[in-house]
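*Asks:* Take a look at this one; I'll ask things after.
The values are calculated or read from the model by the stated rules, or taken from the named source; none is laboratory data. In this text the structure is predicted, and so the values were computed from the model without any measurement. Every residue, glycine among them, receives a Cβ derived from its backbone with ideal geometry; neighbour counts consider all protein chains shown. Just so you know, the surface numbers come from the protein's heavy atoms only, side chains and all, with ligands and any DNA or RNA stripped out. Shrake-Rupley method; radii C 1.70, N 1.55, O 1.52, S 1.80 Å.
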Amino acid sequence: MNRSEAVARSLRETEPHRLLAVLRASLAEHYGAVSTELLLADYGLTVLCHVTDSDRERVGRFSVFNSVVGRVFGSQEPFVERRSAPGVVAVHVPVTVRGDRLGVLTVETEDAERAQADLHELRWIADILGHALLVAERDTDIYRVLRRSDRLTLAAEMQWDLLPGRAYECPEYSIGAQLEPAYAVHGDNFDWAAGTDRLVLAVTNGMGEGVEASLLTSLAVNALRNARRGGVALADQIALADKAVYALHGGERYLDVLLLGFDLETGRVEVVDAGSPRLYILRGGRVFQLPFEAQLPVGMAEDSVYDTQDFDVEPGDRLVFVSDGVFDSRTGLGESFGERALARAILATRLLPAASVPQEVLRHLSAYQEGDEMFDDALVVCLDWRGRA
């Protein structure tokens, strides 16, 4: 067994709450590491939080925007940093799972030449660590607690646990998504399911505030998942979710849902537009909104019938989905963000990877609002389409 496999095996065999302690011991034994630190991105994607051996112990945090580890997190490229102590270097490698950026692993060693030679293996170990973290979160709260820079509301806790992740990447496409206010979101949600020949993507905006909005969204998202996993056609997935919501609320509470099914082979997309989320496309240096025939929101009326529409995506297209908390956001002069500023924000982020786009668009929105507190959920999902060769 080689060194990297030995480290990976130690991670697979340890208890979920002891990942960092076991990793430190294993890297010290096999790679001569004098120090090992793990930093995880917080819910708002603004700071990287130290992971410790206890969820009660708090150490420092690093900014995602103006620190060495923050640049590694953003660029997804490793970096070897010389420390002040003679001969000591720190290897910073991103911890990422299928495009979902979790944090940064920092390994200090006293051999600079060996650090460069070990870089490829340390990146592989960081990937294994990322998978181990996701599995560990089923059984321990440590990593969820330590990556909080503030207290989550109950509604936000429910929404974050409902999400599939914040990014996903495969040969045909890349997805990035983010919710704000990250620690107090209530009704907005996104969901996706990657298949062999198909991607299903849903963007949801539930009415109301607080826990009531989260419960409503949770019901709708799980109804959509249940229908999807039962092999039901796209329009019928919405119809079944509509029945579930109406049966409970009788039309008094409802959701806006934009549901899409992508054919990975042809680029053909089926769409059911049941409400307000909007789709903007960046193609050939131009941003335009793709309008659909709006149908009744989910749960508004009894026995609603939904129809699909079709359009085609082309390799190189960037699709940006936003909730009304983004495009309807207004300045004191009354102009909405979606009229012109949103297109400028999408153009400004055209060189960034999909995983970085939502956060940057939301930063543009915050600047547009001149830093005012958000009173409505703001959701951004970015999908970069490559298609099959």
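*Asks:* For the pair residue 388/residue 226, report the inter-label distance in nm, with labels modelled 7 Å from Cα in the Cβ direction.
*Replies:* 3.2 nm
*Asks:* If you don't mind, there's one more thing I want to ask. So if each residue of separation counts as 0.36 nm, and I subtract the Cα-Cα distance between residue 67 and residue 141, what length gain in nm does that give?
*Replies:* Numbers: separation 74, 0.36 × 74 = 26.64 nm, distance 2.70 nm.
Gain in length upon complete extension: 23.9 nm.
*Asks:* For the chain, with every protein chain kept in place, what is the accessible area per residue (1.4 Å probe, Å²)? Mind showing how you got there, number by number?
*Replies:* Details: 17360 Å² over 389 residues.
Ligands and nucleic acids excluded, the result is 45 Å² per residue.
*Asks:* Using a Förster distance of 56 angstrom, determine the FRET efficiency expected from the C-beta separation of residue 3 and residue 335, and round it to 0.05. List each step's numbers first, then the result.
*Replies:* Working: r = 59 Å, r/R0 = 1.05.
That gives a FRET efficiency of 0.45.
*Asks:* Could you work out the local net charge near residue 226, counting Lys and Arg as +1, Asp and Glu as -1, over the other residues with Cβ closer than 15 Å to its Cβ?
*Replies:* On the way: positive: 225, 228, 229, 243; negative: 191, 236, 242.
Neighbourhood net charge equals +1.
*Asks:* What is the magnitude of the charge dipole of the chain about its Cα centre, with +1 placed on the Cβ of each Lys and Arg, -1 on the Cβ of each Asp and Glu, and no other charges, expressed in debye to the nearest 20?
*Replies:* Numbers: 39 positive and 60 negative charges, 205 e Å.
In total the dipole reaches around 980 debye.
*Asks:* Still on this structure, I have one more. On full extension of the chain, what length is gained from residue 296 through residue 266, given 0.36 nm per residue of separation minus the C-alpha to C-alpha distance? Each step should come with its number before you reach the end.
*Replies:* On the way: separation 30, 0.36 × 30 = 10.80 nm, distance 2.90 nm.
In short, 7.9 nm is gained.
*Asks:* Related question: Relative contact order for the range 201-255: what is it in percent, counting Cα pairs under 8 Å that are at least 6 residues apart?
*Replies:* On the way: 47 pairs, mean separation 21.8, N = 55.
It rounds to 40 percent for the range 201-255.
*Asks:* Applying 1/(1 + (r/R0)^6) with R0 = 56 Å to the Cβ-Cβ distance of residue 310 and residue 161, what FRET efficiency is obtained, to the nearest 0.05? Walk me through the numbers before you get to the answer.
*Replies:* Values: r = 34 Å, r/R0 = 0.60.
My answer for the efficiency is 0.95.
*Asks:* Helix 357-368: angle to the longest alpha-carbon principal axis of the chain, degrees 0 to 90, nearest 10?
*Replies:* Around 70 degrees separate the two axes.
*Asks:* Over the heavy atoms of residue 119, what accessible area does a 1.4 Å probe trace out, to the nearest 10 Å²?
*Replies:* Around 40 Å² of this residue is reachable by solvent.
*Asks:* First select every other residue whose beta carbon is under 13 angstrom from the beta carbon of residue 24; then total the charges, Lys and Arg +1, Asp and Glu -1.
*Replies:* Numbers: positive: 18; negative: 29, 37, 53, 108.
With Lys, Arg at +1 and Asp, Glu at -1, the neighbours total -3.
*Asks:* While we're looking at this one, here's another question. What net charge do the residues around residue 82 carry, taking every other residue with its C-beta under 12 Å from that of residue 82, with Lys and Arg at +1 and Asp and Glu at -1? If you can, show how the numbers build up before the last one.
*Replies:* Details: positive: 83; negative: 81, 108, 110.
Once all neighbours under 12 Å are counted, the net charge is -2.
*Asks:* Follow-up question, since we're still on this one. Can you compute the FRET efficiency between residue 151 and residue 369 using 1/(1 + (r/R0)^6), with r the Cβ-Cβ distance and R0 = 30 Å? Round to the nearest 0.05. Working shown, then result.
*Replies:* Working: r = 23 Å, r/R0 = 0.77.
Approximately 0.80, to the nearest 0.05.
*Asks:* Rounded to the nearest Å, what's the spacing between the alpha carbon centres of the range 179-227 and the range 238-315? Just the number, please.
*Replies:* 13 Å
*Asks:* Please give the calculated 222 nm ellipticity per residue for the chain, where each DSSP H segment of at least 4 residues contributes -39500 (n - 2.57) and the sum is spread over every residue; nearest 500 deg cm²/dmol? Let's see the in-between values first.
*Replies:* Numbers: 12 runs with 130 residues, N = 389.
Here the helix-only value at 222 nm equals -10000 deg cm²/dmol.
*Asks:* Note down the nm distance, to one decimal, between modelled labels 7 Å out along Cα→Cβ at residue 288 and at residue 198.
*Replies:* Label at residue 288, label at residue 198, 2.9 nm between them.
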